[in-house]
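Take a look at the structure set out below.
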Amino acid sequence: MLGFVPPLPQQPGRPPSSGHMIVCGDDALARRLAVELRFIYGERVTLLLPPGRDASSPETPLTQRGRAAALFGRMSAAMNRAGNANGAAGSGDTNAGVEAVRIMEAPEPSDDVLEEAGIDRAAALALVYDDDERNIRAALTARRLNPRLRLVIRLYNRKLGQHLEELLDQAAAVAMPGIDPALLDASTTVLSDADTAAPALAATALTGSSKIIQAEGLLLRAAERPPPRAGENADPGLCTLALLSSTTNDPAGAEGSDSSGDEAPLLLPDEHTVAAATGRGTVVLEAISRADPDRPATRMGGRGAPLAQVFSRRLRWSALGVALSALALVIASLLTTKDSALKSTYLTLLDILGMNDPAEDAPPARQIIQILSGVAGLLLLPLLIAGVLEAFGTLRTASSLRRPPRGLSGHVVLLGLGKIGTRVLVRLRELDIPVVVVEEDPDARGIPLARSMHVPTVIGDVTQEGALEAAKIRRAHALLALTSIDTTNLEATLYARSVKPDLRVALRLYDDEFATAVYRTLRTAHPQALTRSRSVSHLAAPAFAVAMMGRQILGAVPVERKVMLFAALEVAGHPQLEGHTVEQAFRSGAWRVLAIDTTPPADRNPDLAALPPYAPEGAGDTVPPPSGLVWDLHPGYVLRAQDRVVIAATRRGLAELLRRQRSAASRR
């Protein structure tokens, strides 16, 4: 059952150390999370994976262990290169003295398996299986085996996750009656990789994409801005969070990942670096606004079918023609007879419906009008029959999927309605962006949602030309290829680019090397079009890792293929923050203090990502209380131990802060 990663030597049979962390999962997120904890935070990690497809066959890169070993091997080599490059600067190796990742294989995280993994001595456990039920079952088992364990659980169901957090925290409180409330708040964290990655994926489909971070009822917008033109000065916003790679607009340039060297994007640069970086795009903290909890949600789709959806355009024009004919007959009757307007209208309608007696003794003008009215009545009969048939067909298919309208343009084509695609669809519709979905499986998870939202949907293979043509790809604004298969996303993207070279494209790709090659090739072939490659596990893993460390993550913002974290920290215990001014606490390329919570510690909201409490209805004053977060910071403000701050940090910067905190605590 027990296995070890070949590229990383270690001592067989050595039990896991006290305070180590356990990661259980069955997909890319588990491997990415183990990489974050091992190579970024320097933690001892046990990775529990399901067995390979065939235990008797030699290990191949397609097995879970093979993929994990390859990923750890690449990360180990990259870390060694980084350590050698930074050794002269005295930065130290995050992974110095840390044993290699321990890999176990088991079908289920049962009692025996978790005990063998060292659950009784573990500091934290991450359950990131793709199956919510398996994660819940394992969480209940783990809480029983170790009540002090910090749990991080991956759940797609948000409401169930809230109830599970309360249940597991109550179980911990019952098992440990004297537990510190602050420790109890961090004992269970439920996250969703789909919710973490969806905002970044949806933003790639927008012009001037921005990312939204929420903190205590305030919305922070991190906006990506293009390089300024000659003679123009870049607007730094409230502060510059990142410089995009120097080759963003160079088709032959390297992709903005950690392996791009000097051409890579720079996170949290200082003012001198920003001033010297001419011709580079930026990511800035653009605006801060208050979240409105009472704002009604954007209507995803009408409950009833509107007139345009019930009756076709041809039928509507025909009905208008008959109505105009009836009006003309009424006017003619008024002009040729001495009847009142009401009587003329009444008689004309009777003639049209064939309910009036023949006008034998009437003047010739009245007889002519009656004949014309009868002709109009003959036209009305098939019109009524067609209307009834169309209405019946519309009501019969009201629960079926809509087809893309003929004149649709400027929309986003979304490929795949799995967990990620469904969340991205909701995000796009909340922004009132027109979407056309292409999904191969008619029973996919997001199909009922697309039906209820009246989102045009094409059922078919996304790699087939007909499916994308049916989605009006030639008139689309952007393409989001979010299926779980890399080659499928690439094939659909290549065809879409062949029919519309300037199409904005975002691909969901897992392998970094493959993503880099795809990114560079597409950018070289189509230099005027925006191309982005995104890995859901790469976007979500940092948030899960921060939760494993017992810290609150407010959001993760992708900067090309790097990730910047927004986190809430207590200043106490951080020697590089406590007693320093805001200006002194800033570390270029590592972290930056953005806000300070001035609320007294006893009155603070433990969850900064949640909205603050509002006055109940009928209480008189319904205005939300002012937030305790102060964003307009004076550089000379001295950070005190009782302060809580919101910081923007790189993954390595946050790891260094936590490592220094542990070192200071051990010295005390």
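Of note:
- Where labels lie 7 Å past Cα in the beta-carbon direction, separation of R366 and I331 in nm: 2.3 nm
- If you plug the beta carbon distance of L160 and L431 into 1/(1 + (r/R0)^6) with R0 = 25 Å, you get a FRET efficiency near 0.45.
- Amide proton proximity set for Q552, modelled H, under 5 Å, gap of 5+: A568
- Ranked by how many other beta carbons lie within 10 Å on average, peptides 191-200, 116-125, 322-331 from highest: 191-200, 116-125, 322-331
- Between H272 and S110, the FRET efficiency estimated from the beta carbon spacing at R0 = 45 angstrom works out to 0.20.
- Here's how it looks for L241: its modeled amide H is under 5 Å from those of V283, V284, L285, which are all 5 or more places away or on a different chain.
- Computed from the Cβ-Cβ distance with R0 of 22 Å, the FRET efficiency linking F514 to D461 stands at 0.55.
- Length gained on full extension, K338 to D131, computed as 0.36 nm times the residue gap minus the Cα-Cα distance: 66.5 nm.
- Interchain or long-range residues, amide H under 5 Å from A595's placed H: V646
- Net lengthening on full extension, T581/R451 (0.36 nm per residue, minus Cα-Cα): 41.4 nm
- Backbone geometry of the stretch 569-578 corresponds, through the Karplus equation with coefficients 6.51, -1.76 and 1.60 at θ = phi - 60°, to 3J(HN,Hα) couplings of 10, 7, 5, 4, x, 9, x, 8, 10, 5 Hz, x marking Gly and Pro.
- Looking at the stretch 423-536, the accessible area is 41 square angstrom per residue; that uses a 1.4 Å probe and ignores ligands, DNA and RNA.
- Sorted into 10 angstrom bins from 0, the C-alpha pair distances of the stretch 420-570 split as 10, 36, 34, 16, 4, 0 percent.
- Additional length obtainable on full extension of the chain from V638 to L320, 0.36 nm per residue less Cα span: 107.1 nm
The values are calculated or read from the model by the stated rules, or taken from the named source; none is laboratory data. Quantities reported herein were computed from a predicted structural model and do not represent experimental measurements. Don't worry about glycine lacking a Cβ; one is built from the backbone with ideal geometry, like all the others, and counts go over all protein chains shown. These area figures cover heavy atoms from the full protein model, side chains too; ligands, DNA and RNA do not enter into them. Shrake-Rupley method; radii C 1.70, N 1.55, O 1.52, S 1.80 Å.
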